[in-house]
């Protein structure tokens with residue numbers, strides 16, 4: 001297959017001393033992806049300007065695909081060739097043979113789920129080419145003393161700003177005045193009244209075997225069944241839950257969920273079919289990779305959960321857990337899922353190992369981003385570590401410790417202990433007053 005590396009015809013001769021930035025394989029892959037699925041085609045034609053294509057034939061092809069999509073027509077190499085031929089554009093697009101060459105198996109494998117990745121690559125190169133053109137023009141003006149220096153600087157800045165904002169300004173809304181902003185009525189969209197709102201983000205930490213996974217499993221069952229996760233005598237509206245367990249095997253998870261489902265049955269609040277979906281992926285996810293991002297987003301889009309439980313954090317990418325950039329990429333994907341479904345997100349993270357000089361830190365192990373990202377961050381600390389084991393009736397107890405300030409007022413329990421039917425129930429130890437409370441409402445369960 002021959003790939004033309006010459007600049008487009010409308011570029012001034014001598015403007016580029018080197019080959020302009022481009023990626024013809026990404027362009028061909030984006031076009032190829034349009035033949036797989038109508039939703040994928042929509043993602044390409046609504047996000048990619050045909051003018052961003054480096055190769056003129058690709059611009060012609062994408063213009064044809066965009067028109068056919070708008071008309072609701074089937075798009076494949078045959079129908080596209082006929083469409084372009086009727087408009088006299090087929091030879092400009094490289095001919096019928098080239099349309100089939102785009103879909104040839106000799107091309108590197110492209111996958112529909114990667115379409116927006118290709119679009120991002122193409123747009124990046126297009127912006128770079130535009131930047132080179134404008135800076136080259138600016139250099140010519142500077143050397144030629146074309147106009148006052150101040151005007152030259154302003155033109156250069158305006159050109160760079162236009163490149164940055166191209167295709168985006170239409171989406172911008174007027175910035176709101178504070179006097180109008182505070183007039184909006186604030187309402188809560190509760191998942192659990194007073195405790196958890198849609199789009200809240202919670203990270204729960206503890207030491208190994210500290211009960212965090214058990215607590216999240218309990219919350220998943222109670223929320224789907226319509227039971228308050230800590231006040232098990234109080235009923236709430238059931239919500240749809242999606243759990244993506246990236247640590248435990250399917251067999252291990254089944255053994256842990258059976259008694260929880262039985263406990264809900266005992267309260268005559270059984271989990272109804274369709275309210276709780278789970279997928280176990282003990283090999284973990286790498287949300288920095290497009291394939292794994294697409295895997296997660298397909299499940300979020302299909303289930304449309306009210307609550308997404310995913311993790312633990314250290315199983316969500318394959319790199320250095322302390323790497324801030326990798327953590328940022330993971331958080332962006334999870335935020336995208338949260339916005340797509342309008343769901344609350346619950347995650348768990350390991351706490352660092354202690355140094356033997358005091359209670360173990362409960363901050364999330366790994367990148368410091370995980371301390372800043374969630375609205376709520378709590379750790380489970382054994383009460384005996386703080387000499388507060390009274391009134392647990394021989395059961396293990398945990399203090400629920402905030403490791404970051406809450407961004408809103410909520411009534412999370414201060415203490416939980418092992419229950420008879422449920423793994424964790426709230427309680428108030430005799431010596432609870434020695435601890436500094438953190439609930440703005442002063443509630444202790």
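Read the figures in this text as sums done on the coordinates, not as results from a lab. Since we're looking at a predicted model, the values are computed, not measured. Here the Cβ positions follow ideal geometry from the backbone for every residue, glycine too, while neighbour counts run over all protein chains shown.
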- Message: Need the full-extension length gain, residue 177 to residue 268, defined as separation in residues times 0.36 nm minus the C-alpha distance. One decimal, nm.
- Response: 27.7 nm
- Message: If you average the C-alpha positions of region 237-287 and of region 146-164 separately, how far apart do those two centres end up, in angstrom?
- Response: 58 Å
- Query: If you stretched the chain out fully between residue 353 and residue 76, how much longer would it get, using 0.36 nm times the residue separation minus the C-alpha to C-alpha distance?
  - Reply: 94.0 nm
- To the nearest 0.05, what FRET efficiency results for residue 185 and residue 304 with a Förster distance of 25 Å applied to their C-beta separation? 0.45
- Counting other beta carbons within 10 Å of each Cβ, put 55, 212 in order, fewest first. 55, 212
- Item | Distance (nanometres) between label positions extended 7 Å along Cα→Cβ at residue 408 and residue 136 | 5.2 nm
- Can you put 24, 31 in order of Cβ neighbours within 10 angstrom, beginning with the fewest? 24, 31
- Item | Rough spin-label spacing in nm, given labels placed 7 Å along Cα→Cβ, for residue 335 and residue 97 | 5.0 nm
- Rounded to the angstrom and largest first, Cα extents along the principal axes for region 190-434 equal 51, 47, 36
- Query: Between residue 277 and residue 38, what is the FRET efficiency for a Förster distance of 22 Å, r being their Cβ-Cβ separation, to the nearest 0.05?
  - Reply: 0.30
- Task: Obtain the nm distance between the two label points defined at residue 396 and residue 85 by a simple spin-label model: each point lies 7 Å from its Cα along the Cα-to-C-beta direction.
- Result: 7.3 nm
- Item | Under the Debye formula (equal points on every Cα, no solvent term), log10 I(q)/I(0) of region 24-167 at q = 0.11 Å⁻¹ | -0.49
- Task: Evaluate the relative contact order of region 24-167 (contact order divided by residue number), counting alpha-carbon pairs under 8 angstrom at least 6 apart; express in whole percent.
- Result: 28 percent
- Task: Please give the contour-minus-distance gain from residue 420 to residue 256: 0.36 nm per residue of separation, less the Cα-Cα distance, rounded to one decimal in nm.
- Result: 57.5 nm
